[in-house]
Amino acid sequence: MGIKVCKFGGSSVKNSLQIKKVIDIVKDDNNRRVIVVSAPGRDEQYDEKITDHLLNLATNGKHFSEQKVDITAKNSLSAIINKFNTLCEDLEIKKESILNDLKKDLEKNFSNQEKNKAYFLSRGEHYNAKIIYEFFKLQGLNIKLMLPEEFGFILNEEYCDGKVKYETYKNIKTNFTFEKDEIYLVPGFYGITKQNDIVVMSRGGSDLTGGELAYAIDADIYENWTDTNGVYEVDPRVISNANVIPRLTFKELRLLSSKGFNVFHFNAMLNCKKGKIPINIRNTNNPKHDGTIILSERVPMENLVGIAKLDNMASIHLQKDMLADEIGFTAELLKIFSEVGINTYHYPTDKDDIAILVEQEDLKGKINNLRREIEKRLNTDNIFITYNLSIITLVGIGLKENTFTIVDAITALKEKNIFFEMFDMSPSKISFHIGVSQNIANIALKTLYESLLENR
Ligand code: ASP
């Protein structure tokens with residue numbers, strides 16, 4: 001029997017209406033036997049996620065005040081209690097003991113700050129799972145609640161960034177026996193240390209719980225239910241009629257994802273990739289759509305699968321006569337970037353020039369120091385900095401076999417008179433990067449989409 005592990009994210013469990021959609025999805029397929037749930041996500045536009053409220057409470061209001069959001073710890077406490085109260089009422093389940101336990105938990109105070117944060121953060125998933133469990137039971141589902149602290153989802157002692165310990169896989173195998181047609185319901189995001197302290201993984205960590213469960217039980221598929229139809233060929237915020245990519249490899253997905261356009265937690269893919277377990281991104285609000293399947297391997301039927309765009313990039317261009325002949329020049333340059341704490345992307349280079357592409361945001365508060373160190377240690381002739389660049393990346397494993405796609409891309413840009421600032425091919429030959437000025441980036445993306453993807 002093929003087991004499906006299904007993870008429902010914050011938007012899929014944010015209110016009773018969404019939770020009712022979840023039960024329909026679970027009932028629709030008998031192989032959906034492991035259900036992982038997040039804490040309730042943002043319900044209305046100006047609302048905050050329950051996990052953020054919990055963090056605000058644990059930090060006595062600091063979490064929101066740092067983001068200039070005017071919500072006190074007291075406000076967060078009532079938002080959390082209200083949310084769970086409303087959920088219980090709307091789903092018509094008994095609320096007294098759930099709410100009493102929740103209130104008691106939220107009064108706890110551990111002397112270790114990180115431990116305190118982790119404990120509070122975990123309560124969103126913990127109580128949401130309890131409520132969903134009661135509701136599923138009421139609806140006649142043969143459901144069993146599997147709490148991480150009970151079946152042994154063991155993490156190391158990094159309280160707010162826990163990593164899975166090896167024994168977790170053994171514990172999952174022993175406890176998830178799939179007897180008696182049971183469906184297992186698991187709160188995502190948290191686990192326990194060997195000393196029984198609650199630990200959370202990084203933010204968005206329910207994806208990780210689902211990925212680890214899928215890997216440990218060697219599931220047929222890991223369904224990741226969210227609020228989008230899948231991974232789009234291009235950012236649908238820029239091109240509204242963009243299509244969802246039906247199949248792509250883990251590597252292609254990584255190349256296509258950029259800040260603000262990530263569909264799920266990358267580390268959740270690692271073990272699925274290792275176990276060759278496909279991940280299917282699905283939409284809770286549109287369950288008829290097949291979504292996107294992410295695989296370890298696929299037949300490259302088309303050259304290009306998608307085009308990503310990364311905005312707010314900056315280029316730091318260094319000039320020095322014959323720098324290419326100075327052994328160790330690039331190594332020293334990259335060392336300076338690492339000492340200043342700036343992540344680097346591409347490095348186009350020739351005899352007298354090298355440019356380093358970075359995220360503009362990373363330069364904030366650091367650029368003065370960076371320039372000073374470079375001038376002092378590398379004796380450069382000039383340093384030019386260009387801000388507001390966008391990197392457009394063409395992705396597809398088929399590009400390796402047909403590099404001429406790039407000729408079509410450049411021709412399309414030429415026809416529209418769109419200049420580019422940078423161009424390079426990745427060593428894997430499955431992606432090409434074209435750097436353009438940010439003010440024309442959307443036009444460039446649209447041009448490439450129309451000529452390479454839209455009508456194929
Ligand atoms: N609730 C957690 C968060 O907001 C984990 C998750 O939703 O995956 O980060």
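The values are calculated or read from the model by the stated rules, or taken from the named source; none is laboratory data. Predicted model, so just to flag it, every value in this text is computed and none were measured. Here the Cβ positions follow ideal geometry from the backbone for every residue, glycine too, while neighbour counts run over all protein chains shown. These area figures cover heavy atoms from the full protein model, side chains too; ligands, DNA and RNA do not enter into them. Shrake-Rupley method; radii C 1.70, N 1.55, O 1.52, S 1.80 Å.
May I ask you to give the percent of accessible area on the chain that is carbon plus sulfur, with a probe radius of 1.4 Å?
47
Rolling a 1.4 angstrom probe over the protein heavy atoms, how many square angstrom per residue are accessible across the stretch 218-279?
44
How fast does the stretch 254-412 diffuse by Stokes-Einstein, in µm²/s, taking the Kirkwood radius from C-alpha pairs at 20 °C and 1.002 mPa s?
114
In a Debye calculation with equal point scatterers on the alpha-carbon sites of the stretch 350-441 and no solvent, what is log10 I(q)/I(0) at q = 0.11, 0.14, 0.24, 0.26 Å⁻¹?
Calculated log10 I(q)/I(0) at the listed q: -0.44, -0.68, -1.24, -1.33.
How long are the semi-axes of the equivalent ellipsoid of the chain, defined as square roots of 5 times the Cα gyration tensor eigenvalues? Whole Å, largest first.
Three semi-axes, in Å: 43, 28, 21.
If the chain between residue 285 and residue 113 were fully stretched, how many nm would it gain, using 0.36 nm times the residue separation less the Cα-Cα distance?
58.1 nm
Go through 441, 431, 369 and say which Cα lies farthest out towards the positive end of the charge dipole of the stretch 364-456; charges sit on Cβ, +1 for Lys and Arg, -1 for Asp and Glu.
The listed residue farthest towards the positive side: 369.
Scaled to the compact-protein estimate 2.2 N^0.38 Å, what is the alpha-carbon radius of gyration of the stretch 89-242, rounded to two decimal places?
Working it through for the stretch 89-242, the quotient is 1.17.
Measuring with a 1.4 Å probe in the full set of protein chains, what accessible area per residue, in whole Å², belongs to the stretch 401-456?
On a per-residue basis, the stretch 401-456 sits at 57 Å².
With charges set only on the Cβ (+1 for Lys and Arg, -1 for Asp and Glu), what does the dipole of the chain come to about its Cα centre, in debye to the nearest 20?
880
What is the magnitude of the charge dipole of the stretch 108-203 about its Cα centre, with +1 placed on the Cβ of each Lys and Arg, -1 on the Cβ of each Asp and Glu, and no other charges, expressed in debye to the nearest 20?
Value, rounded to 20: 80 debye.
Select from 86, 310, 54 the residue farthest towards the positive end of the dipole of the chain; place +1 on Cβ of Lys and Arg, -1 on Cβ of Asp and Glu, and compute about the Cα centre.
86
Just the number, please: Stokes-Einstein D of the stretch 374-425 in µm²/s, Kirkwood Rh from C-alpha pairs, 20 °C, 1.002 mPa s.
Using the Kirkwood radius from Cα pairs, D works out to 151 µm²/s.
Return the distance in nm (one decimal) between the two label points of a simple spin-label model at residue 237 and residue 400, each offset 7 Å from Cα along Cα→Cβ.
If labels sit at residue 237 and residue 400, their model points lie 3.2 nm apart.
So, taking all protein chains as they sit and a 1.4 Å probe, how much accessible area belongs to residue 338, in Å² rounded to tens?
80
Residue 104: which aspartates and glutamates have alpha carbons under 14 Å from its alpha carbon, excluding same-chain residues fewer than 8 sequence positions away?
Straight-distance partners of residue 104: 96.
Calculate the dipole size of the stretch 279-318 relative to its Cα centre from +1 charges on Lys and Arg beta carbons and -1 charges on Asp and Glu beta carbons; express the result in debye to the nearest 20.
That gives the stretch 279-318 a dipole magnitude of about 140 debye.
Determine Rg/Rh for the stretch 180-249; Rg is computed over alpha-carbon atoms and Rh is the Kirkwood hydrodynamic estimate from the same atoms.
A ratio of 1.10.
What residues from the stretch 419-456 fall in the zone where the backbone N is under 13 Å from a label point 7 Å along the Cα-to-C-beta line of residue 349?
What the label zone holds, given the 13 Å backbone N cut-off, is no residue at all.
The stretch 31-148: percent of C-alpha pairs farther apart than 26 Å?
So the portion of pairs separated by more than 26 Å is 22 percent.
Would you work out the Kirkwood radius for the stretch 149-200? I mean one over the mean of 1/r across all pairs of different Cα atoms, in Å.
Result for the stretch 149-200 stands at 11.5 Å.
Just in the stretch 316-345: which GluC sites (Glu not before Pro) are loop by DSSP and have at most 14 other Cβ atoms within 10 Å?
Listed in order of number, the matching sites are 326.
Taking the Cα atoms of the stretch 396-456, report the difference between the largest and smallest coordinate on each principal axis, in whole Å and largest first.
Cα extents, longest axis first: 31, 26, 15 Å.
Rounded to the nearest 5, what % of DSSP beta bridges with both residues in the chain are antiparallel?
In the chain, approximately 60 percent of DSSP beta bridges are antiparallel ones.
For residue 167 and residue 324, compute 0.36 nm times the residue count separating them, minus their Cα-Cα distance, and round to one decimal in nm.
51.5 nm
What distance in nm separates the two pseudo spin-label positions at residue 417 and residue 101, each 7 Å out from Cα along the beta-carbon direction?
Modelled inter-label distance: 6.8 nm.
What FRET efficiency comes out for the pair residue 454/residue 94, r = Cβ-Cβ distance, R0 = 41 Å, nearest 0.05?
0.15
Which residues in the stretch 142-182 have a backbone N closer than 18 Å to a point placed 7 Å from the Cα of residue 194 along the Cα-to-Cβ line?
Residues 149-159, 162-172 qualify, since their backbone N sits under 18 Å from the label point.
How much length is gained on full extension from residue 428 to residue 27, taking 0.36 nm per residue of separation minus their Cα-Cα distance?
Between residue 428 and residue 27, full extension yields an extra 140.1 nm.
For residue 181 and residue 266, what does the FRET efficiency come to when R0 = 25 Å and r is the distance between their Cβ atoms, rounded to the nearest 0.05?
0.15
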